[in-house]
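The values are calculated or read from the model by the stated rules, or taken from the named source; none is laboratory data. This one's a predicted model, so the numbers in the text were calculated from it and none came from an experiment. Here Cβ is always computed from backbone atoms with ideal geometry, including for glycine, and neighbour counts include all displayed protein chains. Surface accessibility is based on the protein's heavy atoms, side chains included, excluding ligands, DNA and RNA. Shrake-Rupley method; radii C 1.70, N 1.55, O 1.52, S 1.80 Å.
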Amino acid sequence: MAIPPPQSPEPVYDLLIVGGGVNGAGIARDAAGRGLSVLLVEAEDLASHTSSASTKLIHGGLRYLEYYEFRLVREALIERERLLGMAPHIIWPLRFVLPQSQSPRPAWMVRLGLFLYDHLGGRKKLPGTERLDLDRAPQGSGLKRGAKGKGSAFVYSDCWVQDSRLVVLNAMDAAARGADIRTRTRLVEAQSAGDQWLATIEDETGPRQVRAKVLVNAAGPWVDAVLRTLGRARNDRGVRLIKGSHIVVPRLYEGDHAFMLQNPDRRIVFAIPYEQHFTLIGTTDEPWNAPPGKAEISQGEIDYLCETVNRYFERNVSPADIVWSYAGIRPLYDDHAANASAVTRDYVLDFDQSESRAPMLSVFGGKITTYRKLAEHAMEHIAPLFPQAGAPWTAGATLPGGDLPDGDFDGFVAALVSRYPQLDPALLHRLARAYGTRALDLLGTAKTPGDLGPDLGGGLHTGEVDYLVRHEWARSAQDILYRRSKLGLHVPEGTAQALEAYLAGN
């Protein structure tokens, strides 16, 4: 029997990060930018679970004010403006219409909450709250008319984000600063060996051992499972798993605004313009009592979301109208709240350090808007262990592709159209939204669509696929059609099969 060649020795990493969601990628970026050596392992694809199953908002969390989460809301509002400046290609402003005709909350309470929302975070870029008469304003189009008309509404600002791309961009920036990002690589086991961790990781080539000085447990819904694997389970803290589901239906109304819909049970549901031709509706809050894994929407959740829409809009929605749905498990810090909707969205960092064993930091909870600040707080624990670690640096540092001239997305698209006159403007707009200034690397010297390689369907050329494989760790059709993009909603039948065949052959 042939003896396999010996593996090349791994370096001793400063950080081993377990989990390729937004928190793990954010910590990897921050640490690598401070000069630390980082290895991040993700058992599947980047953003393959919670971080790609959000409502896709960068927001302060208006409803969290109702639970007196003032610290969280203030931090999130500050981060909202920072992230908008860091990645204006994948994050953009969105106005939210909050109808009052069926509100279980009095108007004075809503207005007070919005006043706080406008002023807690030092808002500078986004417009403030205003009040509308929905019988006269264009935002009332598509809404049902009650006995007293459509009534009034408040309109406030938040931001939209391409959530899974936010994760990928953080991983890309981490890699550019020296981090080693390994997808489809799982942590098998790890043990403290003096002042270091000795870990076994496994990818498609088999297991191998790595050493690290600090282990960061950013496994999201699996954070407790990782702690048990390491023999460091905690009884005093943990995560509470909450399933959130969304449906996508053909566009319900005209306009670029979103709606925040209040239900009689005081829960809220968003209706948001999505991918030009659709409306995204969600989310739900259901306790998840099974082990973490792939989640799917239930019939009860579908009925709940359809009933919410039908309560407000002229056009009724039924399960037959759903073109796509997705669900994710949110690992919220367990604060023992009785109501799933009331569980805190704040995060807790547990830094386990003693003289007798290697240090570990575990992340409990969090929300996508505060990922950068969470990473900065994580480094407050980690950086003192490394004299060479640099100072905090990520506030305002643009993500890959985010360095648009003057932050002007429309101007950048116009420049692309002028530079590539033979290419479809709709394609150029999509590439600009996905890649920002990195679209120039993808397009290169292309003069015609054929220069981008064969079209696998819906404007997805093999040149773009090659870019995603080379720079963004894409390995499957699912990675490309539903995480690096949402082209899966647009491409013709057969594209996924053609894409898988192309990937297999390259």
Within segment 66-102, work out how many residues are open to solvent by 10 Å² or more (accessible area, probe 1.4 Å) and of a type in the set (Val, Ile, Thr). 1
Name every residue in segment 356-404 that is at pLDDT 95 or above and among the aromatic types (Phe, Trp, Tyr), in order of residue number. TYR371, PHE386, TRP393
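Can VAL269 be described as open to solvent by less than 40 Å² (accessible area, probe 1.4 Å), of a type in the set (Val, Ile, Thr), more than 27 Å from ARG63 (Cα to Cα) and touching a helix residue (DSSP H, G or I) at 6+ places or on another chain (Cβ under 7 Å)? Let's see the steps before the verdict.
Numbers: open to solvent by less than 40 Å² (accessible area, probe 1.4 Å): yes; of a type in the set (Val, Ile, Thr): yes; more than 27 Å from ARG63 (Cα to Cα): no; touching a helix residue (DSSP H, G or I) at 6+ places or on another chain (Cβ under 7 Å): yes.
No; evaluated as a whole, the condition is false for this residue.
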With the condition kept exactly as written, say whether any residue in segment 457-467 is open to solvent by less than 50 Å² (accessible area, probe 1.4 Å) and touching a residue at least 60 places away in the same chain (Cβ under 8 Å). no
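Working only within segment 52-79, note down all residues that are part of a loop (DSSP other than H, G, I, E, B), touching a strand residue (DSSP E or B) at 6+ places or on another chain (Cβ under 6 Å) and within 29 Å of ASP406 (Cα to Cα).
THR55, LYS56, HIS59
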Those residues that are in contact (Cβ under 8 Å) with a residue 60 or more places away in the chain, in a loop (DSSP other than H, G, I, E, B) and buried (at least 19 other Cβ atoms within 10 Å of the Cβ), I need them from segment 289-314; list them, please. PRO292, ALA295
Among the residues of segment 249-273, how many are closer than 19 Å to TYR304 by Cβ and not in a loop (DSSP other than H, G, I, E, B)? 11
Out of curiosity, is ARG330 within 16 Å of the chain's Cα centre (by Cα), among the charged types (D, E, K, R) and at pLDDT below 90? no
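Condition first: among the polar types (S, T, N, Q) and either part of a helix (DSSP H, G or I) or touching a strand residue (DSSP E or B) at 6+ places or on another chain (Cβ under 6 Å) (or both). Can you find one or more residues in segment 397-406 that meet it? Reasoning before the result, please.
Pass one, segment 397-406, residues among the polar types (S, T, N, Q): 398.
Pick out the ones that are also either part of a helix (DSSP H, G or I) or touching a strand residue (DSSP E or B) at 6+ places or on another chain (Cβ under 6 Å) (or both) and you get none.
No: zero hits.
Quick check on segment 205-212. Is at least one of its residues under 17 Å from HIS49 (Cβ atoms) and surrounded by fewer than 21 Cβ atoms within 10 Å (Cβ to Cβ)? Quick ask: steps written out before the conclusion?
Residues of segment 205-212 that are under 17 Å from HIS49 (Cβ atoms), as a first pass: none.
Scanning segment 205-212 turns up no residue that is under 17 Å from HIS49 (Cβ atoms) and surrounded by fewer than 21 Cβ atoms within 10 Å (Cβ to Cβ).
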Consider segment 475-503. How many of its residues are free of Cβ contacts under 8 Å to residues at least 24 places away in the same chain and not β-branched (Val, Ile, Thr)? 5
Failed item in (1) open to solvent by 60 Å² or more (accessible area, probe 1.4 Å); (2) outside any loop (DSSP other than H, G, I, E, B); (3) free of Cβ contacts under 8 Å to residues at least 60 places away in the same chain; (4) not acidic (Asp, Glu), with LEU198 passing the rest: (1)
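From the list THR398, THR394, pick out the single residue that is open to solvent by 20 Å² or more (accessible area, probe 1.4 Å), among the hydroxyl-bearing types (Ser, Thr, Tyr) and touching a residue at least 40 places away in the same chain (Cβ under 8 Å). First the steps, then the outcome.
Working: THR394 fails: open to solvent by 20 Å² or more (accessible area, probe 1.4 Å).
That would be THR398, the only listed residue that is open to solvent by 20 Å² or more (accessible area, probe 1.4 Å), among the hydroxyl-bearing types (Ser, Thr, Tyr) and touching a residue at least 40 places away in the same chain (Cβ under 8 Å).
Table: residues versus (1) under 29 Å from TYR467 (Cβ atoms); (2) open to solvent by 10 Å² or more (accessible area, probe 1.4 Å); (3) part of a strand (DSSP E or B); (4) among the hydrophobic types (A, V, I, L, M, F, W, C).
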| position | (1), (2), (3), (4) |
| --- | --- |
| ALA175 | yes, yes, no, yes |
| VAL223 | no, no, no, yes |
| ARG234 | no, yes, no, no |
| GLY244 | no, no, yes, no |
| ILE247 | no, no, yes, yes |
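What number of residues within segment 470-488 are in a helix (DSSP H, G or I) and open to solvent by less than 50 Å² (accessible area, probe 1.4 Å)? Full working, then the answer.
So in segment 470-488, the residues in a helix (DSSP H, G or I) come out as 470-472, 477-483, 487-488.
Right, trim to open to solvent by less than 50 Å² (accessible area, probe 1.4 Å) and you get 472, 477, 479-481, 483, 487-488.
Final tally of qualifying residues: 8.
Going through segment 80-101 one residue at a time, which ones are touching a Gly at 6+ places or on another chain (Cβ under 8 Å) and not in a loop (DSSP other than H, G, I, E, B)? Full working, then the answer.
Taking segment 80-101 first, the residues touching a Gly at 6+ places or on another chain (Cβ under 8 Å) are 80-82, 85-90, 99-101.
Answer for segment 80-101, where residues must be touching a Gly at 6+ places or on another chain (Cβ under 8 Å) and not in a loop (DSSP other than H, G, I, E, B): ARG80, GLU81, ARG82, GLY85, MET86, PRO99.
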Could you run through segment 489-506 and say how many residues are crowded, with 17+ Cβ neighbours inside 10 Å and not β-branched (Val, Ile, Thr)? 7
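For segment 103-145, which residues satisfy the criterion of being assigned to a strand (DSSP E or B) and open to solvent by 40 Å² or more (accessible area, probe 1.4 Å)? Don't jump to the end; show me each part of the working.
Just the residues of segment 103-145 that are assigned to a strand (DSSP E or B), to begin with: 130-133, 143.
If the condition is that a residue be assigned to a strand (DSSP E or B) and open to solvent by 40 Å² or more (accessible area, probe 1.4 Å), then GLU130, ARG131, ASP133 are the ones that fit.
Inspect segment 204-221 for any residue being of a type in the set (A, V, I, L, M, F, W, C), in a helix (DSSP H, G or I), modelled with pLDDT of 95 or more and under 25 Å from the mean Cα position of the chain (by Cα) and give the result as yes or no. Please lay out each step first, then the result.
Start the filter on segment 204-221 by keeping residues that are of a type in the set (A, V, I, L, M, F, W, C), which leaves 210, 212, 214-216, 218-219.
From what's left, in a helix (DSSP H, G or I): none.
Among the residues of segment 204-221, not one is of a type in the set (A, V, I, L, M, F, W, C), in a helix (DSSP H, G or I), modelled with pLDDT of 95 or more and under 25 Å from the mean Cα position of the chain (by Cα), which makes the answer no.
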